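Okay, structure first, notes after.
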Amino acid sequence: MTEGNGDPAQVGEGTRAVRAGLPVPVKYEPTLPGPVFAAHFHLPGEPTGPYTYGRDENPTWSHLERAIGELEAPGEPVETVTFASGMAAISAVLFSQLKAGDSVVLPSDGYQALPLVREQLEAYGVEVRTAPTGDDAQLSVLDGAQLLWIETPSNPGLDVCDVRRLTRAAHAAGALVAVDNTLATPLGQRPLDLGADFSVASDTKGMTGHGDILLGHVTCRDPQLAAGVRRWRKVVGAIPGPMEAWLAHRSLATLQLRIERQCANALALAEVLGERDEVTGLRYPGLPSDPSYKIASRQMRRFGCVVSFVLPDRGHAERFLEGLRLVDEATSFGGVRSTAERRGRWGGDAVPEGFIRFSAGAEDAEDLVGDLLRALDEAAG
Ligand SMILES: *Cc1c(COP(=O)(O)O)cnc(C)c1O
(Lines give C-alpha, C1' and ligand atoms only; values in the text may rest on other atoms or scores of the structure.)
Protein backbone atom coordinates (compact mmCIF):
# COMPACT_ATOMS: atom_id res chain seq x y z
CA MET A 1 0.00 0.00 0.00
CA THR A 2 1.35 3.44 -0.87
CA GLU A 3 0.77 6.41 1.37
CA GLY A 4 -2.19 8.73 0.81
CA ASN A 5 0.11 11.68 1.15
CA GLY A 6 1.97 12.28 -2.03
CA ASP A 7 5.60 12.76 -1.10
CA PRO A 8 5.93 14.04 2.48
CA ALA A 9 9.34 15.49 1.59
CA GLN A 10 7.72 17.84 -0.95
CA VAL A 11 5.28 19.66 1.35
CA GLY A 12 5.60 22.11 4.23
CA GLU A 13 5.72 20.69 7.74
CA GLY A 14 2.21 21.89 8.64
CA THR A 15 0.82 20.05 5.65
CA ARG A 16 2.99 17.05 6.48
CA ALA A 17 1.64 16.99 10.03
CA VAL A 18 -2.04 17.10 9.06
CA ARG A 19 -1.63 14.36 6.43
CA ALA A 20 1.02 12.24 8.15
CA GLY A 21 0.44 8.51 7.89
CA LEU A 22 -2.96 8.69 6.18
CA PRO A 23 -3.73 5.64 4.08
CA VAL A 24 -4.83 5.83 0.47
CA PRO A 25 -8.43 7.13 0.54
CA VAL A 26 -11.12 4.48 0.19
CA LYS A 27 -14.64 5.45 -0.85
CA TYR A 28 -17.03 5.48 2.14
CA GLU A 29 -14.17 4.95 4.60
CA PRO A 30 -12.98 7.62 7.07
CA THR A 31 -9.83 9.59 6.23
CA LEU A 32 -8.14 8.31 9.36
CA PRO A 33 -9.49 4.79 10.00
CA GLY A 34 -10.72 4.24 13.56
CA PRO A 35 -8.91 2.15 16.16
CA VAL A 36 -8.82 -1.57 15.42
CA PHE A 37 -9.57 -3.54 18.57
CA ALA A 38 -8.28 -7.03 18.04
CA ALA A 39 -6.37 -9.54 20.14
CA HIS A 40 -6.21 -11.82 17.09
CA PHE A 41 -7.03 -11.48 13.42
CA HIS A 42 -8.95 -13.84 11.17
CA LEU A 43 -6.17 -16.10 9.91
CA PRO A 44 -7.05 -19.26 8.01
CA GLY A 45 -4.29 -21.43 6.56
CA GLU A 46 -0.62 -20.51 6.73
CA PRO A 47 -0.03 -17.95 9.54
CA THR A 48 1.70 -15.30 7.46
CA GLY A 49 0.90 -11.70 6.58
CA PRO A 50 1.01 -8.41 8.42
CA TYR A 51 -1.67 -8.97 11.07
CA THR A 52 -1.80 -12.23 12.98
CA TYR A 53 -1.77 -11.64 16.72
CA GLY A 54 -2.38 -8.38 18.59
CA ARG A 55 0.92 -8.28 20.50
CA ASP A 56 2.89 -8.38 17.23
CA GLU A 57 1.15 -5.90 14.96
CA ASN A 58 -2.01 -3.82 14.70
CA PRO A 59 -3.19 -1.71 11.72
CA THR A 60 -3.77 1.32 14.00
CA TRP A 61 -0.12 1.14 15.08
CA SER A 62 0.95 0.82 11.45
CA HIS A 63 -0.78 4.09 10.52
CA LEU A 64 0.73 5.89 13.53
CA GLU A 65 4.18 4.44 12.90
CA ARG A 66 4.10 5.60 9.29
CA ALA A 67 2.97 9.07 10.44
CA ILE A 68 5.77 9.42 12.98
CA GLY A 69 8.31 8.17 10.42
CA GLU A 70 7.21 10.86 7.96
CA LEU A 71 7.88 13.51 10.61
CA GLU A 72 11.19 12.03 11.78
CA ALA A 73 12.64 11.65 8.27
CA PRO A 74 10.33 13.09 5.56
CA GLY A 75 10.40 11.05 2.37
CA GLU A 76 12.94 8.53 3.66
CA PRO A 77 12.43 4.82 4.25
CA VAL A 78 12.64 4.65 8.06
CA GLU A 79 11.04 2.23 10.48
CA THR A 80 9.14 3.31 13.58
CA VAL A 81 8.07 1.11 16.48
CA THR A 82 5.48 2.48 18.92
CA PHE A 83 5.36 1.56 22.58
CA ALA A 84 3.07 1.81 25.59
CA SER A 85 5.18 4.65 27.07
CA GLY A 86 8.37 6.59 26.62
CA MET A 87 10.13 4.36 29.15
CA ALA A 88 9.06 1.29 27.20
CA ALA A 89 10.68 2.80 24.08
CA ILE A 90 13.86 3.76 25.95
CA SER A 91 14.15 0.33 27.58
CA ALA A 92 13.56 -1.36 24.23
CA VAL A 93 16.62 0.31 22.70
CA LEU A 94 18.89 -0.20 25.71
CA PHE A 95 17.92 -3.78 26.52
CA SER A 96 17.71 -4.98 22.91
CA GLN A 97 21.13 -3.54 21.98
CA LEU A 98 23.23 -4.19 25.09
CA LYS A 99 24.39 -7.46 26.61
CA ALA A 100 26.52 -8.47 29.58
CA GLY A 101 30.06 -7.15 29.23
CA ASP A 102 29.03 -4.15 27.09
CA SER A 103 29.40 -0.52 28.14
CA VAL A 104 26.89 2.28 27.69
CA VAL A 105 27.20 6.03 28.19
CA LEU A 106 24.16 7.75 29.71
CA PRO A 107 23.72 11.44 30.55
CA SER A 108 24.13 12.21 34.27
CA ASP A 109 21.46 14.93 34.02
CA GLY A 110 18.84 13.11 31.97
CA TYR A 111 15.29 11.92 32.59
CA GLN A 112 14.65 11.02 36.22
CA ALA A 113 14.05 7.30 35.59
CA LEU A 114 17.50 6.79 34.03
CA PRO A 115 19.11 5.97 37.41
CA LEU A 116 16.60 3.11 37.76
CA VAL A 117 17.49 1.93 34.27
CA ARG A 118 21.14 2.13 35.25
CA GLU A 119 20.58 -0.20 38.22
CA GLN A 120 18.84 -2.72 35.96
CA LEU A 121 21.54 -2.56 33.29
CA GLU A 122 24.23 -3.10 35.92
CA ALA A 123 22.30 -6.03 37.36
CA TYR A 124 22.51 -7.58 33.88
CA GLY A 125 26.27 -7.03 33.70
CA VAL A 126 26.35 -3.90 31.53
CA GLU A 127 28.88 -1.25 32.52
CA VAL A 128 27.19 2.16 32.80
CA ARG A 129 29.13 5.42 32.57
CA THR A 130 27.63 8.86 32.94
CA ALA A 131 28.67 12.43 32.15
CA PRO A 132 26.75 15.71 31.92
CA THR A 133 25.03 16.83 28.72
CA GLY A 134 26.65 20.28 28.71
CA ASP A 135 30.04 20.92 27.05
CA ASP A 136 29.70 17.58 25.19
CA ALA A 137 31.16 15.99 28.33
CA GLN A 138 29.94 12.52 27.29
CA LEU A 139 32.83 12.49 24.78
CA SER A 140 35.25 11.97 27.65
CA VAL A 141 33.77 8.58 28.65
CA LEU A 142 33.04 7.19 25.19
CA ASP A 143 36.07 4.94 24.76
CA GLY A 144 35.09 1.29 24.32
CA ALA A 145 31.34 1.90 24.75
CA GLN A 146 28.81 0.11 22.50
CA LEU A 147 26.05 2.68 22.86
CA LEU A 148 25.86 6.42 23.53
CA TRP A 149 22.59 7.74 24.95
CA ILE A 150 22.00 11.47 24.42
CA GLU A 151 19.20 13.62 25.81
CA THR A 152 19.21 17.13 24.35
CA PRO A 153 17.88 19.50 25.50
CA SER A 154 18.25 17.69 28.82
CA ASN A 155 15.32 17.44 31.19
CA PRO A 156 14.95 19.43 33.42
CA GLY A 157 18.23 21.40 33.20
CA LEU A 158 17.88 22.30 29.48
CA ASP A 159 21.55 21.86 28.64
CA VAL A 160 22.28 21.12 24.99
CA CYS A 161 25.04 19.05 23.42
CA ASP A 162 26.33 18.95 19.85
CA VAL A 163 24.63 15.86 18.42
CA ARG A 164 26.64 15.83 15.18
CA ARG A 165 29.94 16.04 17.04
CA LEU A 166 29.04 13.35 19.58
CA THR A 167 27.64 11.09 16.88
CA ARG A 168 30.77 11.36 14.71
CA ALA A 169 32.98 10.52 17.69
CA ALA A 170 30.74 7.62 18.78
CA HIS A 171 30.61 6.10 15.30
CA ALA A 172 34.38 6.45 14.94
CA ALA A 173 34.68 4.52 18.21
CA GLY A 174 32.25 1.85 16.99
CA ALA A 175 29.31 2.87 19.20
CA LEU A 176 25.67 3.29 18.20
CA VAL A 177 23.90 6.51 19.15
CA ALA A 178 20.38 7.04 20.49
CA VAL A 179 18.84 10.46 21.10
CA ASP A 180 15.93 11.03 23.49
CA ASN A 181 14.09 13.67 21.46
CA THR A 182 11.08 14.02 23.77
CA LEU A 183 11.49 17.69 24.55
CA ALA A 184 12.13 18.91 20.99
CA THR A 185 9.75 16.63 19.02
CA PRO A 186 10.66 15.95 15.35
CA LEU A 187 9.44 19.45 14.45
CA GLY A 188 12.11 20.91 16.70
CA GLN A 189 15.00 18.57 15.95
CA ARG A 190 15.58 15.52 13.76
CA PRO A 191 18.12 13.22 15.40
CA LEU A 192 18.44 10.89 12.40
CA ASP A 193 19.47 13.85 10.20
CA LEU A 194 22.07 14.75 12.83
CA GLY A 195 23.55 11.27 12.49
CA ALA A 196 21.89 9.29 15.30
CA ASP A 197 20.96 5.63 14.81
CA PHE A 198 17.85 5.78 17.00
CA SER A 199 15.46 8.68 17.54
CA VAL A 200 13.52 7.86 20.70
CA ALA A 201 10.76 9.78 22.44
CA SER A 202 8.10 9.80 25.06
CA ASP A 203 5.03 10.72 23.02
CA THR A 204 3.26 11.35 26.30
CA LYS A 205 4.57 14.92 26.10
CA GLY A 206 4.55 17.34 23.16
CA MET A 207 3.95 14.76 20.45
CA THR A 208 0.41 14.03 21.65
CA GLY A 209 0.15 17.25 23.64
CA HIS A 210 -3.07 16.86 25.61
CA GLY A 211 -1.82 15.22 28.79
CA ASP A 212 -4.24 12.33 28.42
CA ILE A 213 -2.21 9.36 27.12
CA LEU A 214 1.14 7.66 27.64
CA LEU A 215 3.00 6.48 24.55
CA GLY A 216 6.50 6.24 23.11
CA HIS A 217 8.34 5.46 19.90
CA VAL A 218 11.66 4.49 18.37
CA THR A 219 12.55 5.43 14.77
CA CYS A 220 15.62 4.19 12.88
CA ARG A 221 16.92 3.93 9.35
CA ASP A 222 18.57 0.54 9.70
CA PRO A 223 15.91 -2.21 9.37
CA GLN A 224 18.08 -4.58 11.38
CA LEU A 225 18.22 -2.21 14.34
CA ALA A 226 14.45 -1.72 14.02
CA ALA A 227 13.95 -5.48 14.00
CA GLY A 228 15.80 -5.79 17.33
CA VAL A 229 13.61 -3.11 18.88
CA ARG A 230 10.45 -4.71 17.46
CA ARG A 231 11.50 -8.11 18.77
CA TRP A 232 11.97 -6.58 22.24
CA ARG A 233 8.42 -5.18 22.11
CA LYS A 234 7.10 -8.64 21.31
CA VAL A 235 9.12 -10.25 24.10
CA VAL A 236 8.20 -7.72 26.79
CA GLY A 237 4.73 -6.97 25.46
CA ALA A 238 5.04 -3.21 26.08
CA ILE A 239 2.48 -2.51 23.38
CA PRO A 240 0.29 0.58 22.98
CA GLY A 241 -3.47 0.15 23.18
CA PRO A 242 -5.24 0.75 19.84
CA MET A 243 -7.25 3.62 21.35
CA GLU A 244 -4.09 5.40 22.55
CA ALA A 245 -2.39 4.85 19.20
CA TRP A 246 -5.38 6.28 17.35
CA LEU A 247 -5.64 9.30 19.68
CA ALA A 248 -1.93 9.93 19.16
CA HIS A 249 -2.33 9.85 15.39
CA ARG A 250 -5.27 12.24 15.61
CA SER A 251 -3.19 14.56 17.80
CA LEU A 252 -0.31 14.65 15.30
CA ALA A 253 -2.53 16.59 12.90
CA THR A 254 -2.23 19.62 15.20
CA LEU A 255 1.43 19.07 16.13
CA GLN A 256 2.77 21.98 14.11
CA LEU A 257 0.05 24.37 15.33
CA ARG A 258 0.59 23.39 18.94
CA ILE A 259 4.38 23.38 18.89
CA GLU A 260 4.55 26.69 17.05
CA ARG A 261 2.35 28.41 19.63
CA GLN A 262 3.91 26.70 22.63
CA CYS A 263 7.47 27.57 21.56
CA ALA A 264 6.47 31.20 20.96
CA ASN A 265 4.87 31.30 24.41
CA ALA A 266 7.95 29.76 26.02
CA LEU A 267 10.15 32.43 24.44
CA ALA A 268 7.79 35.20 25.60
CA LEU A 269 7.91 33.83 29.15
CA ALA A 270 11.70 33.48 29.08
CA GLU A 271 12.05 37.08 27.92
CA VAL A 272 10.03 38.52 30.82
CA LEU A 273 11.63 36.15 33.34
CA GLY A 274 15.02 37.48 32.26
CA GLU A 275 14.03 40.94 33.48
CA ARG A 276 13.11 39.87 37.01
CA ASP A 277 15.56 40.43 39.85
CA GLU A 278 14.35 37.46 41.91
CA VAL A 279 14.90 35.02 39.01
CA THR A 280 18.27 33.30 38.63
CA GLY A 281 19.46 30.33 36.57
CA LEU A 282 17.03 31.10 33.74
CA ARG A 283 17.37 28.55 30.91
CA TYR A 284 15.69 28.46 27.53
CA PRO A 285 17.78 27.28 24.58
CA GLY A 286 15.91 29.68 22.26
CA LEU A 287 16.97 32.76 24.23
CA PRO A 288 19.96 34.38 22.46
CA SER A 289 21.61 35.00 25.85
CA ASP A 290 21.33 31.31 26.86
CA PRO A 291 24.62 29.35 27.07
CA SER A 292 23.03 26.68 24.80
CA TYR A 293 21.74 29.06 22.15
CA LYS A 294 24.65 28.81 19.72
CA ILE A 295 24.70 25.04 19.41
CA ALA A 296 20.91 24.76 19.79
CA SER A 297 20.33 27.06 16.84
CA ARG A 298 22.65 24.95 14.69
CA GLN A 299 20.75 21.71 15.27
CA MET A 300 17.23 22.71 16.34
CA ARG A 301 14.51 24.37 14.29
CA ARG A 302 12.40 25.08 17.37
CA PHE A 303 13.54 25.24 20.97
CA GLY A 304 10.75 23.53 22.87
CA CYS A 305 8.06 24.62 25.28
CA VAL A 306 9.97 24.22 28.54
CA VAL A 307 11.57 27.09 30.45
CA SER A 308 13.43 26.55 33.71
CA PHE A 309 14.44 29.06 36.36
CA VAL A 310 15.19 29.41 40.04
CA LEU A 311 13.30 31.44 42.64
CA PRO A 312 15.10 32.44 45.87
CA ASP A 313 13.86 29.55 48.03
CA ARG A 314 11.30 26.80 48.43
CA GLY A 315 8.66 29.04 50.06
CA HIS A 316 8.97 31.65 47.33
CA ALA A 317 8.59 28.96 44.65
CA GLU A 318 5.55 27.46 46.37
CA ARG A 319 3.85 30.86 46.70
CA PHE A 320 4.51 31.50 43.01
CA LEU A 321 2.98 28.17 41.93
CA GLU A 322 -0.04 28.69 44.17
CA GLY A 323 -0.57 32.16 42.72
CA LEU A 324 -0.79 31.00 39.09
CA ARG A 325 -4.38 30.87 37.83
CA LEU A 326 -3.94 29.77 34.22
CA VAL A 327 -1.18 27.28 34.91
CA ASP A 328 -1.78 23.91 36.54
CA GLU A 329 0.71 22.69 39.09
CA ALA A 330 1.62 19.32 37.63
CA THR A 331 4.58 17.29 36.52
CA SER A 332 5.24 16.35 32.88
CA PHE A 333 5.30 18.92 30.04
CA GLY A 334 4.39 19.52 26.43
CA GLY A 335 0.61 19.84 26.84
CA VAL A 336 -1.68 22.51 25.40
CA ARG A 337 -2.46 23.65 28.96
CA SER A 338 0.50 25.24 30.70
CA THR A 339 1.91 23.40 33.70
CA ALA A 340 4.63 24.21 36.20
CA GLU A 341 6.19 22.54 39.20
CA ARG A 342 8.89 22.87 41.79
CA ARG A 343 11.16 20.14 40.57
CA GLY A 344 12.91 19.65 43.93
CA ARG A 345 9.73 18.20 45.45
CA TRP A 346 10.57 14.86 43.84
CA GLY A 347 14.16 14.53 45.01
CA GLY A 348 16.43 12.85 42.48
CA ASP A 349 17.23 15.75 40.15
CA ALA A 350 20.20 17.80 41.35
CA VAL A 351 18.34 21.13 41.38
CA PRO A 352 18.01 24.01 43.90
CA GLU A 353 14.92 24.10 46.16
CA GLY A 354 13.46 27.05 44.24
CA PHE A 355 13.92 25.43 40.80
CA ILE A 356 10.81 25.74 38.60
CA ARG A 357 10.16 23.79 35.42
CA PHE A 358 7.55 25.65 33.40
CA SER A 359 5.88 24.09 30.36
CA ALA A 360 4.25 26.65 28.10
CA GLY A 361 0.86 25.66 26.70
CA ALA A 362 -1.13 27.04 23.79
CA GLU A 363 -2.86 29.87 25.67
CA ASP A 364 -2.65 33.46 24.41
CA ALA A 365 0.79 34.85 25.20
CA GLU A 366 -0.60 38.02 26.84
CA ASP A 367 -2.70 35.96 29.25
CA LEU A 368 0.15 33.64 30.12
CA VAL A 369 2.71 36.41 30.62
CA GLY A 370 0.18 38.42 32.65
CA ASP A 371 -0.53 35.44 34.91
CA LEU A 372 3.19 34.78 35.39
CA LEU A 373 3.98 38.40 36.28
CA ARG A 374 1.07 38.65 38.72
CA ALA A 375 2.05 35.41 40.46
CA LEU A 376 5.69 36.56 40.65
CA ASP A 377 4.63 39.91 42.18
CA GLU A 378 2.38 38.18 44.72
CA ALA A 379 5.07 35.65 45.65
CA ALA A 380 7.59 38.44 46.20
CA GLY A 381 5.05 39.94 48.68
C1 LIG B 1 8.61 11.77 30.22
C2 LIG B 1 9.93 11.45 29.67
C3 LIG B 1 10.32 10.12 29.49
C4 LIG B 1 9.46 8.95 29.92
O5 LIG B 1 8.29 8.89 29.20
P6 LIG B 1 6.96 8.14 29.73
O7 LIG B 1 6.04 8.29 28.60
O8 LIG B 1 6.54 8.85 30.98
O9 LIG B 1 7.34 6.73 30.02
C10 LIG B 1 11.57 9.89 28.94
N11 LIG B 1 12.39 10.89 28.57
C12 LIG B 1 12.05 12.18 28.73
C13 LIG B 1 13.00 13.26 28.32
C14 LIG B 1 10.82 12.50 29.29
O15 LIG B 1 10.49 13.77 29.48
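The values are calculated or read from the model by the stated rules, or taken from the named source; none is laboratory data. Keep in mind that what you see is a predicted model, and the values were worked out from it rather than measured. The protein model used for the area step is the full one, side chains on, heavy atoms only, and it has no ligands, DNA or RNA in it. Shrake-Rupley method; radii C 1.70, N 1.55, O 1.52, S 1.80 Å.
Order LEU247, LEU194 by their accessible area, 1.4 angstrom probe, all chains in place, largest first.
LEU247, LEU194
Find the eigenvalues of the gyration tensor of the Cα atoms of segment 256-380, then list the square roots of 5 times those eigenvalues as equivalent ellipsoid semi-axes, largest first, in whole angstrom. Don't skip to the answer; put the middle values down first.
Working: eigenvalues 89, 55, 38 Å².
For segment 256-380, the semi-axes come out at 21, 17, 14 Å.
Please give the helix 86-97 orientation as an angle from the longest Cα principal axis of the chain, in degrees from 0 to 90, rounded to the nearest 10.
Rounded to the nearest ten degrees, it is 60.
Let me know the volume per residue of the alpha-carbon convex hull for segment 81-205, in Å³.
Looking at segment 81-205, the number lands at 92 Å³ per residue.
Give me the Kirkwood hydrodynamic radius of segment 306-381, using the inverse of the mean 1/r over all pairs of distinct Cα atoms, in Å to one decimal. Numbers along the way, then the final one.
Working: mean 1/r = 0.0814 Å⁻¹.
Evaluated over segment 306-381, this radius sits at 12.3 Å.
Over segment 256-380, calculate the relative contact order: mean separation of alpha carbon pairs under 8 Å at least 6 apart, over the residue count, as a percent.
Averaging sequence separation for qualifying contacts and normalising by length gives 28 percent for segment 256-380.
For segment 209-316, what % of the accessible area comes from carbon and sulfur atoms, probe 1.4 Å?
The C+S portion of the solvent-accessible surface of segment 209-316 is 55 percent.
Report the Cα-based extents of segment 116-175 along its three principal axes, largest first, to the nearest Å.
Principal extents (Cα only, largest first): 30, 30, 13 Å.
State, in angstrom, two size descriptors of the chain derived from its alpha carbons: Rg to one decimal place and Dmax to the nearest whole number.
When restricted to Cα atoms, the chain yields Rg and Dmax of 21.0, 75 Å.
I'd like the antiparallel share, as a percent to the nearest 5, of DSSP beta bridges with both residues in the chain.
Values: 22 of 39 bridges.
Antiparallel: roughly 55 percent of the beta bridges in the chain.
Do you know the relative contact order of segment 13-252, to the nearest whole percent, from alpha carbon pairs under 8 angstrom that are 6+ apart?
Result for segment 13-252 is 24 percent.
Can you tell me the orientation of helix 59-72 relative to the chain, as the angle in degrees between its alpha-carbon axis and the longest Cα principal axis, to the nearest 10?
Around 50 degrees separate the two axes.
What does segment 287-344 give for Rg and for Dmax, in Å, if only its C-alpha atoms count?
My reading of the Cα-based Rg and Dmax gives 13.8, 38 Å.
Pick from ILE295, ILE150, ILE239 the residue whose mean-square fluctuation is largest in a GNM of the chain, springs joining Cα atoms under 10 Å.
ILE295
Taking the full set of protein chains and a 1.4 angstrom probe, give the accessible area of VAL369 in square angstrom, rounded to the nearest 10.
VAL369 has an accessible surface of roughly 30 Å² with all protein chains in place.
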